[in-house]
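Visitor: Structure below; questions to follow.
Every read-out reported here was derived from the displayed coordinates using simple, explicitly stated rules and does not represent laboratory data. Given the structure is predicted, the values throughout are model-derived calculations rather than measurements. When we count neighbours, we look across all protein chains shown, and the Cβ atoms used for this are built from the backbone with ideal geometry, even at glycine.
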């Protein structure tokens, strides 16, 4: 063992096959046992740097300049065989999607034990015993038999923990964590984050922690490296960057989470005015609403006792709410809570098993096929993933123009003008009309999806996690766009999300789903601030906050509402 | 720039162009269209002895009845390729529309059509073809209809599988939620996204049909003499092998080359298609 940093990267540049610089002259140092956070939006080169620490470049990319020294050993000069001996044993990798990284045809334990056995560090028996110890330490259910399961038989959070155990199986000096909690919802994320921290601290491993979520990185990283377009923006100790970001970009990242920059007084006032109208916190039966007279604003969308059932599985039961014109109702809950089922049942994509959906006072058929064209027009759905929601073989002009053509009979020049107008409305260059969806970025594609929904001139927009697949700053732009559109067009939003920060910024009222049931409903501040329901409390507490030590505080004060297994975080020393 | 290129690069460029299959396909298409004008002799004209060796008058020699081999190859291209192309077109029209239809509607429509097709599939194509052709006779329209119908079952299986994976994608859900009719969903949403696998299948299917026509002709059930086609040319000249003569190898080579060339062209199209 030599003194000096464990990992030292000097002037690293990585270029794609087409000659685009993905990483441009990055240098960094990482001491033993230190955790360095790499942060930035997608395309910032975070993952490329993380992979370079394994001496690897993805696909057609090539490492074109610089040195990567692991304990004084230049990885760029190593043979394929030399790298093979290093990888897994001295440097290990935890991928963003554990589901995609595990071999679905092999049992977990076989994959976890493969590394140490192949590297000749342990016998299979020892490796298994160690893996079981780690299963126990990370709170996985039934530790002795957990490894016999296949990847699809465990939950996403459990699989991500199993992947971390696999990465740690050879006792590496350096662990590269590539967005390990990004695909998880907040309540699961906090568990996995705590376990990762335990695992790394217990073994004294150094780590590169890659994330686009500053609040998450802040919990685990000693130092931060802020990246953008492959270049270094800012670096320093975590507390320093959180408290006093030096560059405009880092300030935007910090503000994005805390929401300081965006709480515009004018909008706040508008919202509070609306809230002064005596809105019932829970929907009241129709006769009572009538009795209340003019005090209740006429709702555009009325949902009563909605239930969705897949086979014998209840995905959603007895959901009731009302939505007024110009209002945003956020539906929150973790994955599997029935949020998307609610959105699909309202839009008719999945016929409701029971209950009633009324649009403008007229009851709608459960399935879209039996709704009239006019009813379909007035209620538009925006999907979660713009990549699959846009037909890759239709140009933007026909994607956006089709609803106008279909519902309004527009043709030729008038249609082209309408498309340009719609693209302008969502903040896109009208010249993009001639492009294919594949030529657009994720944020641009989501804007196209919104433009397509607006082309129908709807009254209600059902938004299913529209920002979940986007980088935080891009997501913020989309939210601002949606708020602006609401003010301009008086749209009502049914906004499905799992992100509380989003809810705080866009929703007038909130409906909280937990295991297919509505557990709380009412004005945003009231529900998120005062709800008595333990799940809502935990949900609020699980939202990462932009300060160090939040993770430990939250875990210490946490009550598990599911109470399926006592949550314990023993340190694996 | 390109003029200053190294000559060896030029040659490899030419080689690559030739290996792409495009020139060969173009050559054969030219033969199909221009046969009566470019062939040196008449299709069934006796011009020499039995299996004369190649000469200036007969570049590839003569066949088992003393007809010019090159002339027969050119007219053979016309007959075989036209038949195979028409049968492929029919197979795709039927198979793709039924397959998309079944995938988009699902439920009992899908089950009914799929089971019916599977029953057809369970009988070997050659046996079904022999049965139909011996009952209805083997005029050209009957031949095309029979082969097209039988091969459409294979196309159906692929088209349905591809469409099923597209139907579940969200842009199709978006179109349906808009209230679009079945025709729009099939033609505008599904078809453009299914083109790549269907094109690959078309190249393969054309080759299979082409070989199938050749084997039907070889059995005497395909195109009838004295019209030339590559399959029956192999059969008619097969005896020459016993005398160490290359006569059957000319049509056999033509069959092999066209099969390879068509698939090379499709490969090129698919490679271009998969680029972003």
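Visitor: For the residue pair residue A:105 and residue B:18, what label-to-label distance in nm results when each label sits 7 Å from Cα along the Cα-to-beta-carbon direction?
Guide: 4.2 nm
Visitor: Calculate how large, on average over all directions, the projected area of the Cα convex hull of the stretch B:204-272 is; give the answer in nm² to one decimal.
Guide: Result: 5.1 nm².
Visitor: On a C-alpha basis, how far is the centre of the stretch A:81-101 from the centre of the stretch A:454-471 in Å? Whole number, if you could?
Guide: 38 Å
Visitor: Counting pairwise Cα distances across the stretch A:413-481, what percent come out greater than 13 angstrom?
Guide: More than 13 Å apart: 65 percent of the Cα pairs in the stretch A:413-481.
Visitor: Just checking the output field for B:213-225: average partner chain Cβ neighbours within 10 Å of each residue's Cβ?
Guide: 0
Visitor: Still on this structure, please answer the following. Using Cα-Cα distances under 8 Å and only pairs 6 or more residues apart, what relative contact order does chain B have, in percent?
Guide: 24 percent
Visitor: Return the distance in nm (one decimal) between the two label points of a simple spin-label model at residue B:55 and residue B:242, each offset 7 Å from Cα along Cα→Cβ.
Guide: That separation, rounded to one decimal, is 2.5 nm.
Visitor: Most exposed first by the Cβ proxy, i.e. fewest other Cβ within 10 Å, how do B:229, A:464, A:142, B:52 rank?
Guide: Lowest to highest Cβ neighbour count: A:142, B:52, A:464, B:229.
Visitor: With an 8 Å Cα cut-off and a minimum separation of 6 or more residues, compute the relative contact order for the stretch B:1-155 in percent.
Guide: Once divided by the residue count of the stretch B:1-155, the mean separation gives 19 percent.
Visitor: Order of B:209, A:63 from fewest to most other C-beta atoms within 10 Å?
Guide: So the residues, fewest neighbours to most, are A:63, B:209.
Visitor: How big is D for the stretch B:31-94, in µm² s⁻¹ as a whole number, if Stokes-Einstein is applied with the Kirkwood radius of its Cα pairs at 37 °C and 0.692 mPa s?
Guide: My calculation gives 261 µm²/s for D.
Visitor: Return the average number of partner chain Cβ atoms within 10 angstrom of each residue Cβ along peptide B:137-145.
Guide: Shielding by partners across B:137-145 averages 0.
Visitor: Determine the shielding of peptide B:174-187 by partner chains: average, over its residues, the number of Cβ atoms on other chains within 10 angstrom of each Cβ.
Guide: Average per residue, whole number: 5.
Visitor: Gain in length, residue B:224 to residue B:267, computed as 0.36 nm per residue apart minus the alpha-carbon separation, to one decimal in nm?
Guide: Taking 0.36 nm per residue and subtracting the Cα distance, the gain is 12.1 nm.
Visitor: Could you tell me how many degrees, from 0 to 90 and to the nearest 10, lie between the Cα long axis of helix A:108-118 and the main elongation axis, the longest principal axis, of the Cα atoms of chain A?
Guide: The answer is roughly 30 degrees.
Visitor: Roughly speaking, what is the stretch gain from residue B:183 to residue B:38, that is 0.36 nm per residue apart minus the C-alpha to C-alpha distance, in nm to one decimal?
Guide: 47.7 nm
Visitor: Report the label-to-label distance for residue A:517 and residue A:457 in nanometres (one decimal), using points 7 Å from each Cα along the Cα→Cβ vector.
Guide: Simple spin-label model gives 4.4 nm for this pair.
Visitor: Using Cα atoms only, what is the angle between the long axis of helix A:265-276 and the major principal axis of chain A, expressed in degrees (0 to 90) to the nearest 10?
Guide: It works out to around 50 degrees.
Visitor: When the chain is fully extended, how far beyond the present Cα-Cα distance does residue A:312 get from residue A:201, taking 0.36 nm per residue of separation?
Guide: Length gained between residue A:312 and residue A:201: 35.5 nm.
Visitor: With n ≥ 4 as the cut-off for DSSP H runs, can you work out [θ] at 222 nm for the protein assembly as shown, using -39500 (n - 2.57) per run divided by the number of residues, rounded to the nearest 500?
Guide: -15500 deg cm²/dmol
Visitor: What residues of the stretch B:175-216 lie in the reach of a label at residue B:136, counting those whose backbone N is under 16 Å from a point 7 Å from the Cα along Cα→Cβ?
Guide: Residues B:213 fall inside that zone.
Visitor: If you don't mind, another one. Rg and Dmax in Å for the protein assembly as shown, alpha carbons only: what are they?
Guide: Values for the protein assembly as shown (Cα only, Rg and Dmax): 33.7, 108 Å.
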